[in-house]
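In what follows, a structure is listed as structure tokens, so that the remarks can point back to it.
The values are calculated or read from the model by the stated rules, or taken from the named source; none is laboratory data. Quick caveat, the model's predicted, so the values are computed rather than measured. Positions of Cβ are backbone-derived with ideal geometry, glycine not excepted, and every protein chain shown enters the neighbour counts.
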Amino acid sequence: MEPKIVTPPPGPRACHVLERDSRVVSQSMAREYPLVLERAKGMNLWDVDGNRYLDFTAGIAVMNMGWNHPEVIKAVQSQAESLTHGAFLDFCSEVPVTFAEKLVKFMPSGIDRVYFSNSGAESVEAAIKLARRATKRKYFISFYGGFHGRTMGALSLTATKVIHRQYFGPFLPVIHAPYENPYRPLNASSPSCGIDVVNYIDEEIFRTEVAPDEVAAIFVEPIQGEGGYVVPPVEFLRQLRELCDMHDILLVCDEIQAGCFRTGSFLACEHSRVVPDIVCMAKAIGGGLPLGVTLASDELMTWPPGSHASTFGGNNLSCIAGLTVLNLMERENAGKIAEMRGRYLMKGLQELYSKYELIGDARGVGLMAAIELVEDRNTKHPAKEKRNAILKSAFEKGVCLLPAGQSVVRFSPPLIISEEEIDIGLSVLDRCFAEVTGS
């Protein structure tokens, strides 16, 4: 469905709500647009002034099967009539157990136990605690550009923007390494893209900063999300897995944004044929309700009762939504659709790359795609202000996109997007580039 702007946003009702928001709600959220949502359906969002938007964000990669899917709504409504809060911390109930049984069937062999929480950050916190308890080690390694959440443990791993960390320390003992970025490689002259970063960890970090036998886990996003939708070569995760095995370090894959078939595979790490020790998931796994999960092997997740728990973890409403989403993704062959639509989207992004020098790189896997804007293709200097201008122009024309990294436009639409809707979004984006570049 085409976007339809009847009142330039923000309209009068939106302005009224935003003014009220500014008086009573913490302003710590960095909202990208003055968008005040009233309802949503499938691929479309409506604001309080009657404007209709075409969504390429999926609510930050949450609504993979579309906004307000009728089967999810029906399942949640039905569950609400019998049990909303099951107090899973103290009592057992069937819905979370059924969901966990279903979820582990999507996992690589050996990942067969689930811990429930309420968000991505909480799923990472659980992984931190599990890794420390299992290894009796205290240090961690993560990557520049990585985003793992904003609670204190997760924030210790995060290294995306200084505003996320400013004045919140001291943090957990985390050492950050460069992420393997083919567009901005650690060693531009090296043909071994994929192992330079792993060599850096092995030869520099383990030599100068921390002994490997003190490192509990390495946390990695198989495809970086907030850092710029950076797609590393498949060798990167494989070499990282080998490094971890060599030193008895746990490998934790943060699949919070990339998981649930967004890249075509249920987990993004599957593209590298790597099996992590711990998997963190959230966002799309809850179908729009708060749900985080931390998964590991039965052997690893052996912490005793009382080691870790959450009042709302395993909430019945969230778990029935998650179970319904898993069934939908399986029935609708969501992975195959994400692959097909992703190829179609990438073809369109490559055409924009050929047309506009402002685009330095077009990349992605499945429906986790991006374009990186640069002032000059040789220097690759980030074109942040022009990126922001394009996002603003697209929003004013009724297409919702989100930024990532320094100057990246990310594309993470619901997996139900059609080729026609991709064409509409790309056409609007083409007009935005023409305006900003004056071409």
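Looking at the structure I just gave you, is I285 part of a helix (DSSP H, G or I), in the same structural domain as G364 (by TED's automatic domain parsing), under 28 Å from N181 (Cα atoms) and not basic (K, R)? Judged against the criteria, I285 is not a match. Residue count for the range 232-280, restricted to those that are among the polar types (S, T, N, Q) and not in a loop (DSSP other than H, G, I, E, B): 2. Yes or no: M29 hydrophobic (A, V, I, L, M, F, W, C) and buried (at least 20 other Cβ atoms within 10 Å of the Cβ)? Judged against the criteria, M29 is not a match.
On the stretch given as the range 28-79, residues that are modelled with pLDDT under 95 and not basic (K, R) total 5. No other residue among L415, L326 is in the same structural domain as N64 (by TED's automatic domain parsing) and of a type outside the set (D, E) apart from L415.
A search for C-beta distances below 7 Å between a residue of the range 292-304 that is over 23 Å from N316 (Cβ atoms) and any residue that is hydrophobic (A, V, I, L, M, F, W, C) and surrounded by fewer than 24 Cβ atoms within 10 Å (Cβ to Cβ), counting only pairs 6+ apart in sequence or on different chains, returns A296/I111; S297/I111; L300/A134.
Candidates are the residues of the range 103-149 that are assigned to a loop (DSSP other than H, G, I, E, B) and touching a helix residue (DSSP H, G or I) at 6+ places or on another chain (Cβ under 6 Å); the one that is surrounded by the fewest Cβ atoms within 10 Å (Cβ to Cβ) is D112. P305 satisfies every condition listed in (1) at pLDDT 95 or above; (2) surrounded by fewer than 19 Cβ atoms within 10 Å (Cβ to Cβ) except (1). Could you tell me which residue of the range 185-206 is modelled with the highest pLDDT, considering only residues that are surrounded by fewer than 16 Cβ atoms within 10 Å (Cβ to Cβ) and closer than 30 Å to L373 by Cβ? Among residues in the range 185-206 that are surrounded by fewer than 16 Cβ atoms within 10 Å (Cβ to Cβ) and closer than 30 Å to L373 by Cβ, the one modelled with the highest pLDDT is L186. Among the residues here, M63 does not qualify as outside the structural domain of S310 (by TED's automatic domain parsing), within 21 Å of the chain's Cα centre (by Cα) and farther than 25 Å from G146 by Cβ.
Residue selection: G259 satisfies the criterion of being under 14 Å from M107 (Cβ atoms) and not charged (D, E, K, R). Residues in the range 291-312: is at least one in a loop (DSSP other than H, G, I, E, B), assigned by TED's automatic domain parsing to the domain that holds M107 and within 20 Å of the chain's Cα centre (by Cα)? Yes, because at least one residue in the range 291-312 is in a loop (DSSP other than H, G, I, E, B), assigned by TED's automatic domain parsing to the domain that holds M107 and within 20 Å of the chain's Cα centre (by Cα). Residues that are buried (at least 16 other Cβ atoms within 10 Å of the Cβ) and of a type in the set (S, T, Y) within the range 150-176 comprise T151, S156, T158, T160, listed in sequence order.
Being surrounded by fewer than 15 Cβ atoms within 10 Å (Cβ to Cβ), under 25 Å from V365 (Cβ atoms) and either without any contact (Cβ under 8 Å) to a residue 40 or more places away in the chain or touching an Asp or Glu at 6+ places or on another chain (Cβ under 7 Å) (or both), is that true of even one residue in the range 73-87? Looking for residues that are surrounded by fewer than 15 Cβ atoms within 10 Å (Cβ to Cβ), under 25 Å from V365 (Cβ atoms) and either without any contact (Cβ under 8 Å) to a residue 40 or more places away in the chain or touching an Asp or Glu at 6+ places or on another chain (Cβ under 7 Å) (or both), one finds none in the range 73-87, hence no.
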